[in-house]
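Chemist: Once you've had a glance at the structure underneath, I'll fire off some questions.
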Amino acid sequence: MIRAYLLLLLSLNAFNGFSNNNIVEKDRIPTSSEVFLENMFTDSLDLLDSEALPIKLEGFPSSHDFLIVQDDTTNLSTLSSKSFSFKTKAKYSIPAALIVYGFIALDDNIFKKADTQIHHEIQENYPTFSTQIDDKLQYAPVATVYALNILGVKSKNNLFDRTAMYLISNSLMSMSVDFLKGKTAKLRPSGSDRRSFPSGHTATAFVAAEFMNQEFKNTSPWYGYIGYSMATATGALRMMNNQHWLSDVLAGAGVGILTTKFTYLAYPWIKKKIIGNKHLNFMATPVIQNGNVGFSLIAPL
C-alpha cells in the first residue's frame, strides 16, 4: 500500500511540477483544435494571462505566442506559432489521460487486474482500517487558500473572482462525476453500491488542489505541491477505506484537475459576457448556521 501511495503521490506531483515548467516547443504549426480554441476566445484574449492561454493576436498588448499573418493571395489568415508550448498541451493532456485510464480499467484487462491486485494488498495489510478524515481532507486545499489570504499571502485573483472560479469548477466537477457514476454503475470494492467510478472525494480534492495551485503558482510552486499532496492523500484514504479502486481515484483526479483548468481558461470570457465592464462592489460576511461555519458574498449585479 505504501508503494502504491508513493507512486500515486509522485505521479500527480510530477504532473503539477511539469505543468509549471518552461519547456517550449518552437516553430510548430498549430493543429486544427488549437485554431478552434483561438477562434473561440478571440473576443476575450485581452483578458487572459499568458499562463491560462498563451496565444497572441496582432494588435493586442501581450508580447508572445500567436501572430496572425494575412495572406494577400488567398485572403485567408494563417497562423504561425513561435512558441505554442509543449507545457500548455501537457497541462490538459495529462489529466485527460488519467480519465482515459479509468475508462480503460472498466473492461476486463491488465488495468482492471491492477485494481484488484492493489485492493487485495491494501485489504491484506489494513483489514480493519476505517477513518472519516477523507471527508474533511478533500476540502483542505481550498480552506488553505483562504487561510493564506487572511495571513497576507497574495493570491492571483481577487476574492470575488477566485471564489466564483472555485464554485464553477466544483459545479462542473460534480455534474461530471454524477453523470459518470450513473452511466458506468461500477461496483465499489466494498460492494455497498454501484457508484464507484469516478471517486467524488478525490475529484473534489483535486479541484481544490488545482485551485490552490492556480492562485499561488506565481508566488511559489510549493503551494501547488502541498495542495496536490493533500488531494493525493484523500485518494489514498478512499482506497484504504475500501470505497474505491485505483482507477476510480486516478479518474477522479483527472476530472478535478481538468474542470478547474477549463474554468480558469474560460472564466474571463464568461465574466465578460455576463458582467461586462461593470465594477462589482461586494461584501463578505461570516455565517453560522446549524453548527456550520462559513461565509456569504453579497454582490449587486
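Chemist: Quick one: net charge around residue 261, please, counting Lys, Arg +1 and Asp, Glu -1 for every other residue with C-beta under 10 Å from its C-beta.
Modeler: 0
Chemist: What is the spin-label model distance, in nm, from residue 126 to residue 185 if the labels are put 7 Å beyond Cα along the C-beta direction?
Modeler: About 3.1 nm, to one decimal.
Chemist: How do 194, 162 rank when sorted from fewest to most other Cβ atoms within 10 Å of their own Cβ?
Modeler: 194, 162
Chemist: Taking 0.36 nm per intervening residue step and subtracting the Cα-Cα distance, what contour gain separates residue 101 from residue 161 on full extension?
Modeler: Net length gain for the segment: 18.3 nm.
Chemist: Same structure again: Hey, fewest Cβ within 10 Å first, where do 91, 183 land in order?
Modeler: 183, 91
Chemist: Another one. Can you give me the C-alpha center-to-center distance between region 179-202 and region 219-237, rounded to a whole angstrom?
Modeler: So the separation of the two Cα centres works out to 24 Å.
Chemist: Enter the mean projected area of the convex hull around the alpha-carbon atoms of region 97-252, in nm², rounded to one decimal.
Modeler: Averaged projected hull area, Cα only: 9.6 nm².
Chemist: Using the charge dipole of region 135-259 (Lys, Arg: +1 at Cβ; Asp, Glu: -1 at Cβ; taken about the Cα centre), state which of 201, 170, 213 has its Cα farthest towards the positive end.
Modeler: Sorting the options by dipole projection puts first 201.
Chemist: Sticking with this structure for a sec: For every other residue with a beta carbon closer than 10 angstrom to the beta carbon of residue 148, add +1 if it is Lys or Arg and -1 if Asp or Glu, then tell me the sum.
Modeler: Around residue 148, the surrounding residues sum to 0.
Chemist: Moving on. Under 14 Å from the Cβ of residue 244, count the other residues' Cβ atoms, weight Lys and Arg +1, Asp and Glu -1, and hand me the total.
Modeler: +2
Chemist: How big, in percent, is the set of alpha carbon pairs in region 163-257 lying more than 24 Å apart?
Modeler: Tail fraction, whole percent: 21.
Values quoted throughout were computed directly from the atomic coordinates according to the rules given, and no laboratory measurement underlies them. Here the structure is a predicted model, which means the values were calculated and not measured. Counting neighbours? That spans all protein chains shown, and the Cβs are built from the backbone with ideal geometry, glycine included.
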